[in-house]
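The values are calculated or read from the model by the stated rules, or taken from the named source; none is laboratory data. Because the structure is a prediction, the values reported are computed rather than measured. Note: ideal-geometry Cβ built from the backbone for every residue, glycine included; neighbour counts use all protein chains shown.
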């Protein structure tokens with residue numbers, strides 16, 4: 001029962017429109033720093049573009065998808081209209097205003113600080129205010145998800161919260177807490193400097209705060225994808241979810257262990273002690289657990305669906321899967337990319353192995369494969385699945401959808417595999433220019449060209465995606481029926497209170513954050529002489 | 001749902017999850033803060049408490065003798081992006097009077113053909129820093145050092161403000177046709193040389209970098225050679241010495257000729 005279709009559609013359209021713009025920038029960036037481009041542009045434009053691409057893809061696009069999908073889940077899973085419709089629109093409005101406010105100074109070259117801010121570089125205050133507004137808008141969503149679940153539980157004391165809603169609320173809590181790090185950094189460290197009240201900044205502390213956000217934000221991006229795995233995929237292929245409880249445990253594990261691990265981004269930073277780097281590394285290892293549980297459950301669900309369709313044999317059932325179905329295809333491709341990306345992630349989280357890839361293009365390749373690949377391809381699937389229910393019109397370009405998904409997969413592999421490889425060769429990231437004529441750099445040229453070609457394949461796929469959605473917007477009207485989520489093999493009638501509520505898990509999340517971040521932050525706050533002069537980006541000559 | 005109390009050790013979900021979390025946290029802390037540091041003899045740790053402090057990142061006084069001090073003066077000016085950015089008419093006026101004694105070399109309007117730096121329109125923080133370094137001895141020059149020796153901090157700020165206030169005058173050597181050499185536009189990444197323009201103003205401007213347009217080629221070349229040989233050492237954190245040392249003689253010539261021809 002979707003009543004606020006316009007609300008959900010508004011979120012999705014803004015998300016995908018901004019995604020389209022950022023995708024063009026991404027392809028351009030791949031091109032200009034490749035050997036295909038003779039050096040004839042201002043490198044400042046590159047950093048401007050990277051800042052816009054990162055800010056849109058990292059903050060605006062996934063946040064809007066999670067919010068829109070969250071509202072859809074609330075109404076469809078709880079089978080009642082959303083509580084707080086006006087607040088939801090307010091949140092959307094804040095995200096929109098924030099995105100525009102942030103992008104204006106970036107376009108003008110006044111905030112080319114990249115989306116990870118990188119103090120002591122400091123740009124125009126409107127950029128940071130815009131990012132804060134995006135976060136505040138999304139916090140309204142966090143509150144609404146919690147309120148809607150609480151209201152439903154009050155009305156249905158004897159039923160378990162539907163898995164989709166449970167997972168959705170898990171994602172919202174994770175985001176609510178993980179965004180605090182960057183918010184502290186912006187509000188207490190960067191904005192006072194950007195507004196001119198101070199001219200020095202504790203860059204080390206700022207990086208620690210940002211790491212608080214930087215890793216768990218990836219799991220916030222990942223949660224809509226996992227919700228789609230658990231609650232859309234089994235239904236879409238005509239099967240059942242293998243285990244409802246396993247799903248709940250996976251999402252709970254994300255809430256608990258996705259947070260206290262961000263320092264593995266700071267392995268090369270001197271301001272954090274080696275002991276804390278080790279502790280964060282241990283928890284980073286643990287976060288592979290919910291993913292392994294998920295891969296198992298989803299493959300088991302696929303096998304159930306296949307055997308119901310007559311699939312036979314130890315591996316023969318794979319052939320009997322409905323490969324023509326875009327959701328089937330997207331999920332399979334997503335899991336392949338998740339596998340490769342996850343393997344790369346295990347390398348990044350190992351202190352000694354990280355040393356050889358730290359700050360190289362390997363890292364850029366890694367997060368594009370995981371986020372741009374495994375996660376975003378499921379955003380496409382979510383949009384394809386929800387679109388007929390939102391527009392009341394049939395989405396029938398199945399051939400185009402399959403082409404689009406295949407192109408996205410191929411493009412992402414062609415982009416990121418050479419990207420990883422040049423990282424191993426030592427190519428640094430965050431640079432606008434590489435001297436490919438130099439004998440030491442020349443061997444990387446071919447791989448970089450391959451990467452750039454992959455970028456253009458992705459661009460074509462993105463255009464196809466928007467075309468499918470646009471065609472859906474103008475197709476013939478047809479009633480799609482009620483939106484349903486996958487049913488588990490064993491429908492839980494009663495479940496332990498721990499798997500139906502978040503109190504315990506939020507306590508563990510906050511507790512572990514204090515254990516793993518408390519001392520490093522307190523120490524940096526207390527140490528004198530840790531501030532450095534600020535470098536204003538885009539300051540006039 | 002189940003009426004079982006959640007926050008109670010009788011609830012196995014509670015006891016197992018809290019127990020496992022605490023156990024992992026404690027074990028990883030023991031390993032990371034005690035066992036691993038003690039397993040590294042080169043850290044020369046005095047005991048468990050020392051290991052914990054070291055692994056937690058508590059700064060320690062260096063074990064060996066104090067850090068080696070340079071046997072020459074280094075610049076003690078702290079550069080910030082907005083220093084001396086505010087224009088002050090009184091300061092400019094005082095600076096104009098003080099600058100009369102500079103005119104014999106630097107020209108009555110801050111421009112001269114004497115191969116000394118043209119100061120008209122130079123950033124205030126640049127002029128101030130050089131005067132300050134001449135005074136402290138971080139930069140040495142037989143002509144300039146005595147001039148700076150008796151200047152007060154305010155005098156230096158005033159002179160700097162005055163020269164920043166003067167309009168840049170195009171030198172008679174401006175030649176727009178001189179092409180920008182690669183070292184100015186793209187630097188030499190493999191030799192760790194950033195483009196000159198990324199600090200000196202063609203691409204971006206970084207605080208403390210002088211405006212080079214219209215400076216005498218002889219002066220630029222002499223200074224780059226001085227940085228390269230180490231006879232000039234007042235650049236903060238060896239920024240220019242590291243660059244000049246990596247430049248070829250030909251590049252130094254190109255840069256000097258290019259900037260002389262710029263407005």
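Of all residues in the stretch A:6-63, which are assigned to a helix (DSSP H, G or I) and within 14 Å of chain B (Cβ to nearest Cβ)? The answer is A:32, A:43, A:44, A:45, A:46, A:47, A:48.
When restricted to residues that are more than 7 Å from chain B (Cβ to nearest Cβ) and loosely packed, with under 13 Cβ neighbours inside 10 Å, the stretch A:485-509 contains 3. May I ask you to verify whether residue A:153 is within 14 Å of another protein chain (Cβ to nearest Cβ), outside any helix (DSSP H, G or I) and either closer than 17 Å to residue A:75 by Cα or under 19 Å from the mean Cα position of the chain (by Cα) (or both)? Against the criterion (within 14 Å of another protein chain (Cβ to nearest Cβ), outside any helix (DSSP H, G or I) and either closer than 17 Å to residue A:75 by Cα or under 19 Å from the mean Cα position of the chain (by Cα) (or both)), residue A:153 does not qualify. One residue alone among A:260, A:234 is touching a residue at least 24 places away in the same chain (Cβ under 8 Å) and within 13 Å of another protein chain (Cβ to nearest Cβ), and that residue is A:260.
Taken over the stretch A:180-202, the criterion of being in a loop (DSSP other than H, G, I, E, B) and under 24 Å from residue A:513 (Cα atoms) is satisfied by A:202 alone. If only residues of the stretch A:392-408 that are surrounded by 18 or more Cβ atoms within 10 Å (Cβ to Cβ) and within 19 Å of residue A:372 (Cβ to Cβ) are counted, the one that is farthest from the chain's Cα centre (by Cα) is A:401.
Counting the residues of the stretch A:261-312 that are surrounded by 18 or more Cβ atoms within 10 Å (Cβ to Cβ), over 20 Å from the mean Cα position of the chain (by Cα) and part of a loop (DSSP other than H, G, I, E, B) gives 5.
Within the bounds of the stretch B:59-66, is there any residue that is within 13 Å of chain A (Cβ to nearest Cβ), in a helix (DSSP H, G or I), over 21 Å from the mean Cα position of the chain (by Cα) and over 30 Å from residue B:126 (Cβ atoms)? The answer is no, given that none of the residues of the stretch B:59-66 is within 13 Å of chain A (Cβ to nearest Cβ), in a helix (DSSP H, G or I), over 21 Å from the mean Cα position of the chain (by Cα) and over 30 Å from residue B:126 (Cβ atoms). The one condition from (1) within 14 Å of another protein chain (Cβ to nearest Cβ); (2) modelled with pLDDT under 90; (3) over 30 Å from residue B:97 (Cα atoms) that residue B:193 does not meet is (2).
Condition check ((1) more than 12 Å from every other protein chain (Cβ to nearest Cβ); (2) surrounded by 12 or more Cβ atoms within 10 Å (Cβ to Cβ); (3) over 30 Å from residue A:254 (Cα atoms)) across all residues:
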{"residue": "B:11", "(1), (2), (3)": "no, yes, no"}
{"residue": "B:27", "(1), (2), (3)": "no, yes, no"}
{"residue": "B:31", "(1), (2), (3)": "no, yes, no"}
{"residue": "B:39", "(1), (2), (3)": "no, no, yes"}
{"residue": "B:49", "(1), (2), (3)": "yes, no, yes"}
{"residue": "B:52", "(1), (2), (3)": "no, yes, no"}
{"residue": "B:56", "(1), (2), (3)": "no, yes, no"}
{"residue": "B:69", "(1), (2), (3)": "yes, no, yes"}
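What residue, among those in the stretch B:244-258 that are surrounded by fewer than 19 Cβ atoms within 10 Å (Cβ to Cβ) and without any contact (Cβ under 8 Å) to a residue 40 or more places away in the chain, is nearest to residue B:233 (Cα to Cα)? Only one residue fits best here, namely B:245.
Answer with yes or no whether residue A:187 is out of contact with any helix residue (DSSP H, G or I) (no Cβ under 6 Å at 6 or more places or on another chain) and either closer than 26 Å to residue A:367 by Cβ or free of Cβ contacts under 8 Å to residues at least 60 places away in the same chain (or both).
yes
Residues in the stretch A:510-541 that are within 10 Å of another protein chain (Cβ to nearest Cβ), without any contact (Cβ under 8 Å) to a residue 24 or more places away in the chain and assigned to a helix (DSSP H, G or I): A:511, A:523. Please work out if residue A:222 is buried (at least 22 other Cβ atoms within 10 Å of the Cβ) and touching a helix residue (DSSP H, G or I) at 6+ places or on another chain (Cβ under 9 Å). Yes; evaluated as a whole, the condition is true for this residue.
Looking only at residues in the stretch A:166-198 that are within 14 Å of chain B (Cβ to nearest Cβ) and crowded, with 17+ Cβ neighbours inside 10 Å, the one that is modelled with the highest pLDDT is A:166. Annotation note: of B:126, B:77, the sole residue that is assigned to a loop (DSSP other than H, G, I, E, B), within 14 Å of another protein chain (Cβ to nearest Cβ) and within 22 Å of the chain's Cα centre (by Cα) is B:77. Residues in the stretch A:461-509 that are farther than 30 Å from residue A:21 by Cβ, in a helix (DSSP H, G or I) and in contact with a helix residue (DSSP H, G or I) (Cβ under 7 Å, 6 or more places away or on another chain): A:498, A:499, A:504, A:505, A:506, A:508, A:509. Taking the criterion of being at pLDDT 95 or above, within 27 Å of residue A:50 (Cα to Cα) and in contact with a helix residue (DSSP H, G or I) (Cβ under 8 Å, 6 or more places away or on another chain), would at least one residue in the stretch A:389-402 satisfy it? No, the stretch A:389-402 contains no residue that is at pLDDT 95 or above, within 27 Å of residue A:50 (Cα to Cα) and in contact with a helix residue (DSSP H, G or I) (Cβ under 8 Å, 6 or more places away or on another chain).
Only one entry in B:84, B:45, B:6 is at positive phi, within 14 Å of another protein chain (Cβ to nearest Cβ) and part of a loop (DSSP other than H, G, I, E, B), namely B:84. Only one of A:411, A:423, A:454 is more than 30 Å from residue A:74 (Cα to Cα), buried (at least 19 other Cβ atoms within 10 Å of the Cβ) and in contact with a strand residue (DSSP E or B) (Cβ under 8 Å, 6 or more places away or on another chain); which? A:423 is the lone residue from the list that is more than 30 Å from residue A:74 (Cα to Cα), buried (at least 19 other Cβ atoms within 10 Å of the Cβ) and in contact with a strand residue (DSSP E or B) (Cβ under 8 Å, 6 or more places away or on another chain).
Just checking, which of A:455, A:462, A:518 is modelled with pLDDT of 95 or more and closer than 30 Å to residue B:11 by Cβ? Step by step, each of A:455, A:462, A:518 is checked, and only A:518 is modelled with pLDDT of 95 or more and closer than 30 Å to residue B:11 by Cβ.
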